[in-house]
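Mind having a look at this structure? Questions to follow.
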Amino acid sequence: MAGDSVSATTVINAPPEAVFAILADPARHAAIDGTGGVRETVDSKPLQAAGQIFRMSMYHPGHPDGHYQMANRVLVFDPPRAISWQPGQESGDGTLSFPGWIWRYDLTPAGASNTTVTLSYDWSAVPDPIRERIGMPPFPPEHLENSLAHLADLVTG
């Protein structure tokens, strides 16, 4: 971990297009995460463009309600090279707010049929009061490696 971000890299035995297709399908995100915290997608539509909002049902025992939703804004959509989103909250009146952390996947061809995938979690834009309340990052660094292993299983399985 260096500064305000953490990342992990792996090689997946599949072309970038196949890896990107899984990442662009929010219905697959719970399986990629693998912790039980990311539940199911609220929106069944695949990701298609920067600016798109997609909602996920979530669970965390430390959350006041346990179950909650995240409204994620796609920041980068560059098939099959990169995809990223910024999780946020939606208020009762529909206003979206984004505390500042970002999930990003970078995909690079590695030979004829492999892809180097780097997963990054960046919290550099998170204000200090939120950092103190949540603790950043809110997971152990090996979570990223586990997520990449789940992604590889989904793509190749």
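Here is a list of conditions, (1) under 21 Å from Ala27 (Cβ atoms); (2) modelled with pLDDT under 95; (3) assigned to a loop (DSSP other than H, G, I, E, B), and Gly51 meets all of them except one; can you say which number that is?
Only one criterion is unmet by Gly51, namely (2).
Please work out if Ala110 is out of contact with any helix residue (DSSP H, G or I) (no Cβ under 7 Å at 6 or more places or on another chain), surrounded by 14 or more Cβ atoms within 10 Å (Cβ to Cβ) and of a type in the set (A, V, I, L, M).
Taking the combined requirement at face value, the residue satisfies it.
For Ile83, state whether it is within 16 Å of Pro26 (Cα to Cα), free of Cβ contacts under 8 Å to residues at least 60 places away in the same chain, crowded, with 16+ Cβ neighbours inside 10 Å and not polar (S, T, N, Q).
In short, no.
Please give the number of the condition Gly111 fails out of (1) assigned to a strand (DSSP E or B); (2) modelled with pLDDT under 95; (3) of a type outside the set (A, V, I, L, M, F, W, C); (4) farther than 24 Å from Gln52 by Cα.
Every listed condition holds for Gly111 apart from (1).
From Ser124, Ser91, Ser97, grab the single residue that is surrounded by fewer than 19 Cβ atoms within 10 Å (Cβ to Cβ), at pLDDT below 95, over 14 Å from Glu17 (Cβ atoms) and touching a strand residue (DSSP E or B) at 6+ places or on another chain (Cβ under 6 Å).
The unique qualifying residue is Ser97.
Kindly list the number of the only condition in (1) within 25 Å of Ala49 (Cβ to Cβ); (2) loosely packed, with under 14 Cβ neighbours inside 10 Å; (3) free of Cβ contacts under 8 Å to residues at least 60 places away in the same chain that fails for Val74.
(2)
Restricting to the stretch 44-102, name every residue that is under 24 Å from Ile12 (Cβ atoms), among the charged types (D, E, K, R) and touching a Leu at 6+ places or on another chain (Cβ under 8 Å).
Matches in the stretch 44-102: Arg81 only.
The values are calculated or read from the model by the stated rules, or taken from the named source; none is laboratory data. All of these numbers come straight from a predicted model, not from anything done at the bench. Backbone-built Cβ (ideal geometry, glycine too); neighbour counts: all protein chains shown.
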